[in-house]
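Novice: Take a look at this one; I'll ask things after.
Just so it is clear, none of the values below were taken in a lab; they were calculated from the coordinates. As the structure is a computational prediction, the values presented were derived from the model and not from experiment. Glycine gets a Cβ as well: all are built from the backbone with ideal geometry, and neighbour counts include every protein chain shown.
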Amino acid sequence: MTGVHPYVFNDRLRALIDHLFGKGYFVVKSIYFDKPPQSNWFVAWHQDLTISVGEKADVPGFGPWTVKQEQYAVQPPLEILQQNFTLRIHLDDTNSDNGALRVVPGSHAKGVYRPETIDWAVEREYSCELRRGGVMIMRPLLLHASNRTVNEARRRVIHIECSKATLPSPLHWSEKLVY
Amino acid sequence: MMQLNYPIMQQFEQDGYALVNDIYTEAEVAAIIDAIETADHSGPVFRKTKDLFAIR
């Protein structure tokens with residue numbers, strides 16, 4: 001994905017990031033998702049609670065560990081997740097019919113929030129519709145989900161996680177790219 | 001320099017997310033898609049199923 005970043009971090013996106021977060025952030029994970037027109041792919045409510053690191057090491061505050069697609073993922077201390085942000089670059093018009101992200105506004109401020117404890121009498125959900133060329137910025141602790149595609153429209157998104165955290169040695173980010 | 005309006009910053013702080021359209025022109029979107037399609041698709045972090053295609 002590194003060959004794609006020069007096209008992604010244009011002047012408008014850099015200005016947006018600078019205004020919201022200031023300087024010092026770098027890319028720590030990039031994934032391109034292509035949800036085909038007939039996709040049945042859906043994702044249940046969750047928070048992004050893990051970061052990808054280059055190797056496994058026993059460090060206080062870091063855990064539990066998982067291995068996903070041959071990469072180590074670990075839940076870091078909450079402060080790291082609270083500082084990180086995610087960019088979702090939309091390469092197709094996206095609405096609730098082709099799997100737009102659904103979110104629970106304000107859930108990012110409630111720490112680790114187990115989906116089974118969501119009280120829908122209190123919380124509300126919002127469908128994040130964007131045009132092709134738009135960007136969603138979110139905190140990883142925001143509860144989010146996505147539905148199956150029902151309108152046979154493709155949905156391509158680049159998911160990029162950014163951080164400014166220095167991990168305690170010997171932990172290190174599996175990907176670190178200064179944009 | 002981009003002029004970011006107050007509601008976007010306020011929404012991000014309060015709600016934990018913000019939606020911003022028109023970050024890329026149509027030509028820029030096309031260039032991004034072209035870069036993805038010419039990327040190396042042979043690594044261990046490439047997944048393709050009928051429901052999802054993902055590259056890391």
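Novice: Which count do you get for residues in region A:60-71 that are within 14 Å of chain B (Cβ to nearest Cβ) and either surrounded by 14 or more Cβ atoms within 10 Å (Cβ to Cβ) or within 22 Å of residue A:103 (Cα to Cα) (or both)?
Specialist: First, pick out the residues of region A:60-71 that are within 14 Å of chain B (Cβ to nearest Cβ): A:67-71.
Of the ones still in play, those that are also either surrounded by 14 or more Cβ atoms within 10 Å (Cβ to Cβ) or within 22 Å of residue A:103 (Cα to Cα) (or both) are A:69, A:71.
Matching residues across region A:60-71 total 2.
Novice: Quick one: which of A:44, A:57 is among the hydrophobic types (A, V, I, L, M, F, W, C), in contact with a strand residue (DSSP E or B) (Cβ under 7 Å, 6 or more places away or on another chain) and either farther than 22 Å from residue A:115 by Cα or away from every other protein chain (no Cβ under 12 Å) (or both)?
Specialist: Working: A:57 fails: in contact with a strand residue (DSSP E or B) (Cβ under 7 Å, 6 or more places away or on another chain).
Only one candidate qualifies: A:44.
Novice: Do we have any residue at all in region A:32-45 that's more than 29 Å from residue A:153 (Cα to Cα) and out of contact with any His (no Cβ under 8 Å at 6 or more places or on another chain)? Explain how you work it out, then say what you get.
Specialist: Here is the first cut: in region A:32-45, the ones more than 29 Å from residue A:153 (Cα to Cα) are none.
Among the residues of region A:32-45, not one is more than 29 Å from residue A:153 (Cα to Cα) and out of contact with any His (no Cβ under 8 Å at 6 or more places or on another chain), which makes the answer no.
Novice: Scan region A:7-52 for residues that are touching a helix residue (DSSP H, G or I) at 6+ places or on another chain (Cβ under 8 Å) and surrounded by fewer than 14 Cβ atoms within 10 Å (Cβ to Cβ) and jot them down.
Specialist: Residues of region A:7-52 that are touching a helix residue (DSSP H, G or I) at 6+ places or on another chain (Cβ under 8 Å), as a first pass: A:7-8, A:10, A:19-20, A:25, A:27, A:30, A:32, A:44-49, A:51.
If the condition is that a residue be touching a helix residue (DSSP H, G or I) at 6+ places or on another chain (Cβ under 8 Å) and surrounded by fewer than 14 Cβ atoms within 10 Å (Cβ to Cβ), then A:44, A:46 are the ones that fit.
Novice: Kindly indicate the residue of region A:72-103 that is within 13 Å of another protein chain (Cβ to nearest Cβ) and of a type in the set (Gly, Ala, Ser) and also nearest to residue A:35 (Cα to Cα) among those meeting that condition.
Specialist: Among those that are within 13 Å of another protein chain (Cβ to nearest Cβ) and of a type in the set (Gly, Ala, Ser), it is A:99.
Novice: Does residue A:159 qualify as being within 13 Å of another protein chain (Cβ to nearest Cβ), touching a residue at least 12 places away in the same chain (Cβ under 8 Å), out of contact with any His (no Cβ under 8 Å at 6 or more places or on another chain) and in a strand (DSSP E or B)? Steps first, answer last, please.
Specialist: Values: within 13 Å of another protein chain (Cβ to nearest Cβ): yes; touching a residue at least 12 places away in the same chain (Cβ under 8 Å): yes; out of contact with any His (no Cβ under 8 Å at 6 or more places or on another chain): yes; in a strand (DSSP E or B): yes.
Yes: the conditions hold for residue A:159.
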